[in-house]
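The values are calculated or read from the model by the stated rules, or taken from the named source; none is laboratory data. Everything numeric here is computed off the predicted structure, so don't read it as measured data. Cβ sites come from the backbone with ideal geometry, for glycine too, and all protein chains shown count toward neighbours.
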Amino acid sequence: MLTFTLRRLSLFLFTMLVLTLISFSLSFLFPGDTVINHSGQINATATELAQLNEAYQMDKSIFTQYGAYLTHILNGDLGQSMASQSPISNEVLELLPATIELSLVALLIAMLVGIPLGFIAAINHNKASDNAILSFAMLGYSIPVFWLGLLAILFFSIGLGWLPSAGKISLLFEIEFVTGIQFIDILLSESPYKWQAFSNASSHIILPACVIALAPATIFIRLSRAAMIEVLAASYIRAAKAKGLSFQQIIFRHAIRNALIQIIRHVGLQFANLVTLAMVTEVIFSWPGIGRWLIESISQRDYTAIQSGLLVLSCFIFIVHILTDFIYAALNPLARGNHHGS
Amino acid sequence: MNLLDIRNLSIELDTPNGRVLAVDKVSLSIKEGEFRGLVGESGSGKSLLAQAIIGVLNDKWHVHADRFHWRGIDLLRLTIDERRALLCRDIAMIFQEPMSCLDPTTLIGEQLSEAIDSSQLSGHFWQRKKQRKEAVVKLLHKVGIKKHSQCINSYPHQLTEAICQRVMIAIALAGRPILLIADEPTAAMESTNQGQIFRLLANLNQLKNMSILLISHDLENLTHWTSTITVMYSGQFVEAGSTEQIFNKPMHPYTRALVDSSTKANLQLPTKSRLMTLPGSIPILQHLPIGCRLGPRCPRAQQTCVEAPKVSNFHGHKVSCHFPLIRETAKKHSVKHEVVKGTI
């Protein structure tokens, strides 16, 4: 298990190095002066510029420049936003937790809905319920997320008035910023209206999370259906049947764990897709997350913010990847051994 | 009384080109305490027949039978679930390829303990866990695994194929079956282990009066252990009788060839000469011959062989052939000579 962990950590390290290399090279590719793209100080005076050149070592070779850039990032200095002239790291720390919260809730919904539905479809293979679930999956996968978001607002917020259409929580509640993840902050706060705030925040997150979850849920349906059909045809299921186990025992003791192993691997891959959907959805539902901030920076040509935003988001996605790898290893005894080349 | 009595069992497979008759009207009966061997080349439908008996074939396969009795109960009148519930209690099966028949993500101990029926345990519910564990250890010792604690706490991929096979046998014995179907139980083992497993099966047969259906392609090895033998070829019934009848006085040309192809029968052969075998190989499912499926390879085949022969019974020695080797059995040497001439 230790070698497994070390392996993942070294993979993380090298991937992060490549990511910083890409974001470093973006400063050269974006229009404008490289050092201004690095730091985001568009209104710098001549003396400040000289200082910046010194700090980023722009007169030295490109390798030294990269080293200087890396030191800046490791010190938590991602530069200033060109649009707002405030440090990007502060903005990221404020906005990223909201995106993490939204995407994790969406992932949870997608898994909780998609995987059992896929299992049900596989167990009733080639029957009416299988076909119904498959056609639902096809439909859900084909609907574009921005259109679905608008429809959901139109129907549930404006038409029926059940759920709020924008924001993280009603402005009436004052929640102190501790971790940035709304639900944890609410539970930590001393406010007497804690539980009202909690239910209000929940009603705010339902609509955007469900909109994001739809497409990944349909993918999970198909993945889990295929995995379950494969597992149910395996010879150890046949042997378990001959052992005299009932159908439920076979499903719950043997089939589900083996099918889940095959699905968990794909969860990490689907998460990147899910974050992309979350970015679009954040714009529609005015969710104060990093996705909306990134899309705004793109429209404002805020190069420093784009660069750092990409770095932070991809880092987050990669961490989720590694976490799913650990869950996979915990579930699958075959992956824990010292296999080379994996 | 017959424990298991099957008449004219057919198994059909759904393929894109229509249904194929994989097993064609095979009859099989097993008495209480009988040690029966089921022999045939690979691909002759032995495993298929065994899986059809225990009822674990998937939807692609269709099984029909004229009679299917288990201890006097007509199984054809029961629904599939009732049948499986009845059979899984009394019949256990040892599958081929033990590695793929054990759940890769569950510990061996867990897989073994779930095969133990809770009716075998006597204590209260808080004593059950301990009793279960003791029963698991006992089963492992019975099949010759000495390091039980190590085995219980490992996953199938951490064990060798031979130990996995022993675990499979232990799982099969856990239900204390009346009939044990062993589908090539020693395929992955070296000969010393093979002997141990066969001795274990023979012991169970003699001491516990457990009936055993042993499936194998190795006729010579089988004759040491079994009392009766059924021979199959390409999904058709060939011959059935006591081991002596089959081995010493085979009536069907196929059984004759099977006996002659064993190394013991070939001992007198001069060096570097060809072994006695039938020409050709077993037909594939898509191109089965009509009538007697041995026809194209049979040295005694004639025009009538395009129709499937009826089973004829000679004092309990059943054979399905139009031209059985009856009269010649007295003059064994001349028959052998004749067959050899036919094969070359």
- Message: Suppose we filter the stretch A:150-169 for residues that are without any contact (Cβ under 8 Å) to a residue 12 or more places away in the chain and closer than 17 Å to A:Leu277 by Cα; how many remain?
- Response: 1
- Would you say B:Arg67 is closer than 30 Å to B:Pro253 by Cβ, surrounded by fewer than 18 Cβ atoms within 10 Å (Cβ to Cβ) and in contact with a helix residue (DSSP H, G or I) (Cβ under 8 Å, 6 or more places away or on another chain)? yes
- Collect the residues in the stretch A:237-254 that are aliphatic (A, V, I, L, M) and more than 9 Å from chain B (Cβ to nearest Cβ), keeping them in residue-number order. A:Ile250, A:Ile251
- Sole residue being free of Cβ contacts under 8 Å to residues at least 60 places away in the same chain and assigned to a helix (DSSP H, G or I), chosen from B:Pro296, B:Pro283, B:Pro289: B:Pro296
- Query: Does the stretch A:124-142 hold any residues that are surrounded by 14 or more Cβ atoms within 10 Å (Cβ to Cβ) and touching a Ser or Thr at 6+ places or on another chain (Cβ under 9 Å), and which are they?
  - Reply: A:Phe136, A:Ala137, A:Gly140, A:Tyr141
- Per the filter on the stretch A:224-236, residues surrounded by fewer than 21 Cβ atoms within 10 Å (Cβ to Cβ) and either without any contact (Cβ under 8 Å) to a residue 40 or more places away in the chain or more than 10 Å from chain B (Cβ to nearest Cβ) (or both) are A:Ala226, A:Ile229, A:Glu230, A:Ala233, A:Ala234, A:Ser235
- Query: Restricting to helices (runs of 4 or more DSSP H) lying wholly in the stretch A:1-103: which have 3 or more residues that are outside the structural domain of A:Thr304 (by TED's automatic domain parsing), at positive phi and among the polar types (S, T, N, Q)?
  - Reply: none
- Number of positions in the stretch B:52-95 that are assigned to a helix (DSSP H, G or I) and within 14 Å of another protein chain (Cβ to nearest Cβ): 14
- Message: As an exercise: evaluate A:Phe183 against (1) within 24 Å of A:Ala329 (Cβ to Cβ); (2) away from chain B (no Cβ under 14 Å); (3) in contact (Cβ under 8 Å) with a residue 60 or more places away in the chain; (4) not polar (S, T, N, Q) and give the number of the one condition it does not meet.
- Response: (1)
- Task: Could you tell me whether the stretch B:158-167 includes any residue that is within 20 Å of the chain's Cα centre (by Cα), buried (at least 21 other Cβ atoms within 10 Å of the Cβ) and free of Cβ contacts under 8 Å to residues at least 40 places away in the same chain?
- Result: yes
- Under 8 Å by Cβ, and 6 or more places apart or on different chains, what pairs join a residue from the stretch A:190-206 that is hydroxyl-bearing (Ser, Thr, Tyr) with one that is in a loop (DSSP other than H, G, I, E, B)? A:Ser191/A:Phe173; A:Ser191/A:Glu174; A:Ser191/A:Ile175; A:Tyr193/A:Phe173; A:Ser203/A:Leu163; A:Ser203/A:Pro164
- Item | the stretch B:299-343, residues that are outside any loop (DSSP other than H, G, I, E, B), within 18 Å of B:Phe247 (Cα to Cα), basic (Lys, Arg) and modelled with pLDDT under 80 | B:Arg327, B:Lys332, B:Lys336
- Item | Within the stretch B:99-109, considering residues that are surrounded by fewer than 21 Cβ atoms within 10 Å (Cβ to Cβ) and more than 8 Å from chain A (Cβ to nearest Cβ), the one nearest to B:Lys133 (Cα to Cα) | B:Gly109
- Could you identify the single residue in B:Ala182, B:Ala202 that is assigned to a strand (DSSP E or B), modelled with pLDDT of 85 or more, of a type in the set (A, V, I, L, M) and within 17 Å of the chain's Cα centre (by Cα)? B:Ala182
- Task: Determine whether the stretch A:106-117 contains at least one residue that is in a helix (DSSP H, G or I) and touching a Pro at 6+ places or on another chain (Cβ under 6 Å).
- Result: yes
